[in-house]
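First up is the structure itself, then whatever we jot down about it.
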Amino acid sequence: MPDNTFEQRWDEACSDLSRTDRVMARLIAQYPGERLEPHGDLFRTLARAIVGQQISVMAAEHIWNRVKERAGMPSAKAFLAIGKQALLDCGLTRRKADYLAALADSSGGSHQIATDAPVSDGRALRAELLAL
């Protein structure tokens with residue numbers, strides 16, 4: 001059974017983006033029903049999204065499996081433990097490894113990404129993610 005909270009938040013976010021960004025509005029309309037699937041926690045969902053950017057699904061899955069072989073269950077602590085070079089060795093680009101290392105460092109420290117912020121507070125969440 002789908003997580004209604006996630007589904008509702010996704011739909012609200014798509015509506016908000018469609019109202020405020022012409023490019024995103026066109027993409028959302030062009031690909032109805034497409035969405036990120038949550039992977040247990042926000043860190044893992046964001047990490048998988050970063051790994052999969054601008055590559056095929058097969059390539060992303062292959063790299064993600066390599067990361068899991070190195071890190072075990074991917075988490076901020078696991079990414080910090082294996083280090084950026086191990087992420088590069090898994091096939092990630094330097095930029096993606098940098099993003100993941102920064103995300104892990106931020107999530108593994110005292111900073112916690114707000115997962116229960118209302119979608120209406122999207123600016124605050126966006127600023128928080130961009131600060132990583």
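Could you list all residues from the stretch 55-82 that are small (G, A, S) and either touching a Gly at 6+ places or on another chain (Cβ under 6 Å) or closer than 17 Å to E37 by Cα (or both)? Outline the logic, then answer.
Restricting attention to the stretch 55-82, the residues satisfying the condition of being small (G, A, S) are 56, 59-60, 71-72, 75-76, 78, 81.
Selection gives S56, A60, S75, A76, A78.
Do you know which of the residues in the stretch 85-95 that are in a helix (DSSP H, G or I) and within 11 Å of V67 (Cα to Cα) is nearest to the chain's Cα centre (by Cα)?
This residue is L87.
What helices (runs of 4 or more DSSP H) completely inside the stretch 1-73 contain at least 1 residues that are modelled with pLDDT of 85 or more and closer than 15 Å to L100 by Cα?
Once the helices (runs of 4 or more DSSP H) in the stretch 1-73 are filtered for at least 1 residues that are modelled with pLDDT of 85 or more and closer than 15 Å to L100 by Cα, what remains is 42-52, 57-71.
Starting from the stretch 77-102, take each residue that is without any contact (Cβ under 8 Å) to a residue 24 or more places away in the chain and within 15 Å of Q54 (Cα to Cα) and list its partners that are aliphatic (A, V, I, L, M) and assigned to a helix (DSSP H, G or I), counting only C-beta distances under 8 angstrom and pairs at least six apart or across chains.
Correct list of pairs: R94/L88; A97/L87; A97/L88.
If you check R48, R70, which single one turns out to be more than 18 Å from the chain's Cα centre (by Cα) and assigned by TED's automatic domain parsing to the domain that holds K96?
Just a single option satisfies the conditions, and that option is R70.
The values are calculated or read from the model by the stated rules, or taken from the named source; none is laboratory data. The structure presented is a predicted model; accordingly, all values stated were derived computationally and were not measured. Positions of Cβ are backbone-derived with ideal geometry, glycine not excepted, and every protein chain shown enters the neighbour counts.
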